[in-house]
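**Q** My questions all concern the structure below.
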Amino acid sequence: MTKPTTAREAGERRYARFATGSVGFVERHGLWNAEQRAAADALEETLSGLEFVRVGFGDPHGLMRSKTLTVDAFRTALRNGIDMSPGPFVFDTGHAVGVDFFAPGGGIGIPELTGAGDFLIVPDPLTFKVLPYTEAATGWVIADEYLRDGSAHPLSSRAVLRRQCARAAERGLSYVVGLEVEWYVTRLADAREHGPAAASATAAAAAVGGFGVQGEPPAVEPVNSGYQFNLDTFTDGLMHVITPLARALRELGLPLRTVEHESGPGQLEFTFSPMNGLDAADAMLLFRTVAKQVCARLGHHASFMALPRLERFDPSGWHLHQSLFDTAADRNAFVPQEGAALLSDEGLGYVAGLLEHAADIALFAIPTVNGYRRLDEQFSLSPDRVVWSAENRGALVRVLGGPGEESTHLENRIGEPCANPYLYLGSQLAAGLDGIERGLRPGGLAQDPHAPTEAALPRDLAEAVGAMEGSALARDLLGKPLHDCLAQLKRSEVSRFGAWLAGSDPAGPGETTVWEHREYFGAY
């Protein structure tokens, strides 16, 4: 027999729909398509077995920012949205205020940002997952950011990629992406027992910082000596970490393909099967988030910082594999239809666009001070020149495949593993489509990918910010508010690094500084 509803319970249910967001926000503004509406309706059965749902979005730095809701609160938020503080939009990587949100328009032309006014996020039901490793049954979902009038928030990174995917679709093309990500796993030095309590204690010990002043990074130990590339013994020695992580990723629906040990101590590479562009970016956001959380529960630290300040560590990269699929012809648009050409006309145009805009969009692939250390010529497998080649890992753009190979695609080797996935992928697609639409063609294949006569990529973050600011393509890609926001956030980061250098004894040439390790190793 069903227990009668009390007056108090009836009142709570009556008023619950007013508890968060804007009542009927999704329906009122027509924010979901039929597939999303069906997914939202199907969630009810799943929610009944959960205790919490984490709802969040990828901030300009590519980090997941979330709120944890009770299931009852999520049921309301699913269609009303949730109020969020704009902090993730105005803080740089060190949590210093990079955007003057008290200025009119928040300093970047968004009236709702003035005075740190709230905005709304709306869960995308198509991204809903159930985390398989949490202490309480917990859902996880990516949300889209909106202004109060129902329009996409001008600072939304996910909206940037969605617009570019729609642009490709207008040409009958689908963006196909394969993720290849290098990252580090280290052992937490003062974690005396595995589990989240140990990880929390480690974090608390390092938490001496504030706005614009990072606390000490986690104290860690290498898990092996490294420098035996792809050594099976090293991979096996980390299976106590790799196995639960790989299982979690597969349970979450991510198409994990391969795992291997790279060069540095505990340096791993995970690759994923091809996905469409938006799904790939969402997967990257989820992968990095889950990797850090699972490793912490096991007494380890996962970091996607390019080059930590740890002895004998190698730089890590995020190599982006990409192609376009012709939906009408049901074929890979980069495969030449006849002759011995390396790529189709669409493929050649795409390469030319990547090369022409390489410097202007470098910031989206390498958004940190630290990431540019990968481009030092001593690391010959990382690009430093604007060139393309076939099967040469020193080139910026590498062609894999060729005539008759249905798997033919491009690999851009510029990225660092902590890049914002929506901006990295969105900028690649924008540049490639521009090359196709303008009928551009690349120059000859590079024989020496590091030839000093070739155009250079930006040498540091300041140079990359300047190139982005002067780029018409970057302005069109982002829109003026996000363009200005990123420039201000990154100039804040550059300025703080410069101030630290001026007052400190810097590291040797090419060496990661203490500032960089504090800034990025823990957060990323």
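**Q** What distance in nm separates the simple spin-label points at residue 311 and residue 221, each placed 7 Å from Cα in the Cβ direction?
**A** Going by the 7 Å Cα→Cβ label model, 1.4 nm.
**Q** Counting only protein chains, not ligands or nucleic acids, how are 64, 468 ordered by accessible area (probe 1.4 Å), most first?
**A** Highest to lowest solvent-accessible surface, that is 64, 468.
**Q** Projecting each Cα onto the charge dipole of the chain (Lys/Arg +1, Asp/Glu -1 at the beta carbon, about the Cα centre), which of 513, 366, 40 comes out farthest on the positive side?
**A** Result: 40, furthest along the dipole toward the positive end.
**Q** With r defined as the distance between the Cβ atoms of residue 476 and residue 236 and R0 fixed at 35 Å, what FRET efficiency is calculated, to the nearest 0.05?
**A** Approximately 0.10, to the nearest 0.05.
**Q** Here's another thing I want to ask about it. Report the gain in length on full extension from residue 151 to residue 65: 0.36 nm times residue separation, minus Cα-Cα distance, nm rounded to one decimal.
**A** Difference between extended and current length: 28.9 nm.
**Q** What does the charge count around residue 517 come to, taking other residues whose C-beta lies under 11 Å from its C-beta (Lys +1, Arg +1, Asp -1, Glu -1)?
**A** Local charge sum for residue 517: -2.
**Q** State the answer as a single residue: which of 31, 402, 382 lies farthest towards the positive end of the charge dipole of the chain, with beta carbon charges of +1 for Lys and Arg and -1 for Asp and Glu, about the Cα centre.
**A** My answer, from the dipole projection, is 31.
**Q** Can you compute the charge dipole magnitude of the stretch 278-360 about its Cα centre, using +1 on each Lys and Arg Cβ and -1 on each Asp and Glu Cβ, nothing else charged? Give it in debye, rounded to the nearest 20.
**A** 780
**Q** Another question about this same structure. Carbon-plus-sulfur fraction of the accessible area of the chain, 1.4 Å probe, in percent?
**A** 51
**Q** For the chain, what does -39500 (n - 2.57) per DSSP helix run (n ≥ 4), summed and divided by total residues, give at 222 nm, in deg cm²/dmol to the nearest 500?
**A** -11000 deg cm²/dmol
**Q** Any chance you could run the full-extension gain for residue 330 through residue 136? It's 0.36 nm times the residue separation minus the Cα-Cα distance, nm to one decimal.
**A** 65.4 nm
**Q** Another question about this same structure. Sort 270-276, 289-295 by packing, meaning the average of other beta carbons within 10 Å per residue, with the highest value first.
**A** 289-295, 270-276
**Q** Right, here's the next one. With charges only on Cβ, +1 for K and R and -1 for D and E, what is the dipole size of the chain about its Cα centre, in debye, rounded to 20?
**A** With only Lys, Arg, Asp and Glu charged at Cβ, the dipole is about 1360 debye.
**Q** In terms of the Cα gyration tensor, with a ≥ b ≥ c the square roots of its eigenvalues, is the chain rounded because a/c is under 1.5, prolate because a/b exceeds b/c, or oblate?
**A** rounded
**Q** Let me ask you something else. Please compute the length gained on full extension between residue 114 and residue 51, using 0.36 nm multiplied by the number of residues separating them and subtracting their Cα-Cα distance.
**A** Gain on extension, residue 114 to residue 51, equals 19.1 nm.
**Q** Packing-wise, with mean Cβ within 10 Å as the measure, how do 230-238, 242-250, 135-143 rank, highest first?
**A** 135-143, 242-250, 230-238
**Q** So the label point goes 7 Å from the Cα of residue 271 along Cα→C-beta, right? Which residues of the stretch 381-395 then have their backbone N under 16 Å from it?
**A** It comes to 391-394, nothing else.
**Q** Same structure again: What is the packing order of peptides 90-97, 47-54, taking the mean over residues of other C-beta atoms within 10 Å and listing the highest first?
**A** 90-97, 47-54
**Q** Still on this model: As an exercise, use a Förster radius of 30 Å and the Cβ-Cβ distance of residue 42 and residue 83 to find the FRET efficiency, rounded to the nearest 0.05.
**A** Efficiency for this residue pair is about 0.70.
**Q** List nothing, just return the count: lysine pairs in the chain, 8 or more apart or interchain, with Cα separation under 26 Å.
**A** Pairs that pass both the separation and distance tests number 6.
**Q** How much accessible area per residue does the stretch 336-389 have, in Å², with a 1.4 Å probe?
**A** 33
**Q** In the stretch 453-524, what GluC sites (Glu not before Pro) fall in a loop by DSSP, with at most 14 other Cβ atoms inside 10 Å?
**A** 511
The values are calculated or read from the model by the stated rules, or taken from the named source; none is laboratory data. Note that this is a predicted model, so its numbers are computed, not measured. Cβ: placed from backbone, ideal geometry, glycine included. Neighbour counts: every protein chain shown. Areas reflect the complete protein model, heavy atoms only, side chains present, ligands, DNA and RNA absent. Shrake-Rupley method; radii C 1.70, N 1.55, O 1.52, S 1.80 Å.
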